[in-house]
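The values are calculated or read from the model by the stated rules, or taken from the named source; none is laboratory data. If you're wondering where the values come from, they're calculated on a predicted model, not measured in any experiment. For neighbour counting, all protein chains shown are included, and Cβ atoms are generated from backbone atoms with ideal geometry for every residue, glycine included. What goes into the accessible areas is simple: the full protein's heavy atoms, side chains included, and nothing from ligands, DNA or RNA. Shrake-Rupley method; radii C 1.70, N 1.55, O 1.52, S 1.80 Å.
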Amino acid sequence: VQAREVQGISDRIVAGKLSLTVKSFLELVLRNSTDVNLTRLDVYTANASILAAKAPYDPAVSLGFNTLRSVSPSVSQISGASTLSTLTQNSTVSYQQLLSTGQTVSAGYTASRSSDNSAFNLLNPSVFSTFSFTAFQPLLQGRSRVQVRGPLEIARTQLTITSKTGEAHIADLLATAAVEY
């Protein structure tokens, strides 16, 4: 454990003497007390739990791309080339999110491009694409808002309780410090 200097004390030294009023003493207590800092940390932790409770509602985006080249000797005369070379490229984009009402919505787009060196292909390259949209609502499980929003409401209530308890604890620490002054 390393001892650290009391923050703000050097500002209150005038002509080699420490001059403290009750107000400035309590400001030093608020700035330097380990109990006060731990109480603040409890409130910050409770606030972070709200972010964690919102995490299931974060949207998810997925991107993908792959390419495949295939080169093979022709096995028949109707393949259109002596050595058949095919290039296939696939791209995908998808989005998914859980809504606060319990539904899950998702959308996706897929595109595929294919080309080869066959003399018999009229469309070269050929492009295919699909778009899909899905809305999913569970019929029995999670059908009420309480089940979906419960963790978020619990985290908010916990933050309120922690902050009020922290305020009371800090007020007690300041009252004790004022009496000791």
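Before we move on, is residue 112 small (Gly, Ala, Ser) and either open to solvent by 90 Å² or more (accessible area, probe 1.4 Å) or at pLDDT below 90 (or both)?
The answer is no for residue 112.
Sort out which residues of segment 80-99 are modelled with pLDDT under 90, open to solvent by 40 Å² or more (accessible area, probe 1.4 Å) and either touching a Leu at 6+ places or on another chain (Cβ under 6 Å) or of a type in the set (Ser, Thr, Tyr) (or both), and write them in order of number.
82, 83
Can you tell me how many residues within segment 56-79 are open to solvent by 50 Å² or more (accessible area, probe 1.4 Å), modelled with pLDDT under 90 and closer than 30 Å to residue 148 by Cα?
Residues meeting the conditions: 1.
In segment 80-106, which residues are among the polar types (S, T, N, Q), in contact with a Pro (Cβ under 6 Å, 6 or more places away or on another chain) and closer than 30 Å to residue 146 by Cβ?
97
Could you give me the residue pairs with C-beta distances under 6 Å whose first residue belongs to segment 73-95 and is free of Cβ contacts under 8 Å to residues at least 40 places away in the same chain and more than 30 Å from residue 61 (Cβ to Cβ), whose second residue is open to solvent by 40 Å² or more (accessible area, probe 1.4 Å) and β-branched (Val, Ile, Thr) wherever it lies, and which are 6+ apart or on separate chains?
Partner pairs satisfying both residue conditions: 73/83; 85/71.
Determine, yes or no, whether residue 168 is more than 29 Å from the chain's Cα centre (by Cα), in contact (Cβ under 8 Å) with a residue 40 or more places away in the chain and under 30 Å from residue 20 (Cβ atoms).
On the way: more than 29 Å from the chain's Cα centre (by Cα): yes; in contact (Cβ under 8 Å) with a residue 40 or more places away in the chain: no; under 30 Å from residue 20 (Cβ atoms): yes.
For residue 168, the condition - more than 29 Å from the chain's Cα centre (by Cα), in contact (Cβ under 8 Å) with a residue 40 or more places away in the chain and under 30 Å from residue 20 (Cβ atoms) - is not met.
Need pairs with beta-carbon distance below 7 Å; first residue within 28 Å of residue 156 (Cβ to Cβ) and at pLDDT below 85 and within segment 21-43, second among the hydrophobic types (A, V, I, L, M, F, W, C) and assigned to a helix (DSSP H, G or I); sequence gap 6+ or separate chains.
Note: pairs meeting the criteria are 33/173.
Would you point out which residue out of 149, 156 is among the basic types (Lys, Arg) and open to solvent by 80 Å² or more (accessible area, probe 1.4 Å)?
When all the criteria are applied, what remains is 156.
Of a type outside the set (A, V, I, L, M) and open to solvent by 50 Å² or more (accessible area, probe 1.4 Å), is that true of residue 165?
Against the criterion (of a type outside the set (A, V, I, L, M) and open to solvent by 50 Å² or more (accessible area, probe 1.4 Å)), residue 165 qualifies.
Search segment 8-55 for residues being part of a helix (DSSP H, G or I), of a type in the set (Val, Ile, Thr) and open to solvent by 80 Å² or more (accessible area, probe 1.4 Å), and hand back the single one that is nearest to residue 172 (Cα to Cα).
34
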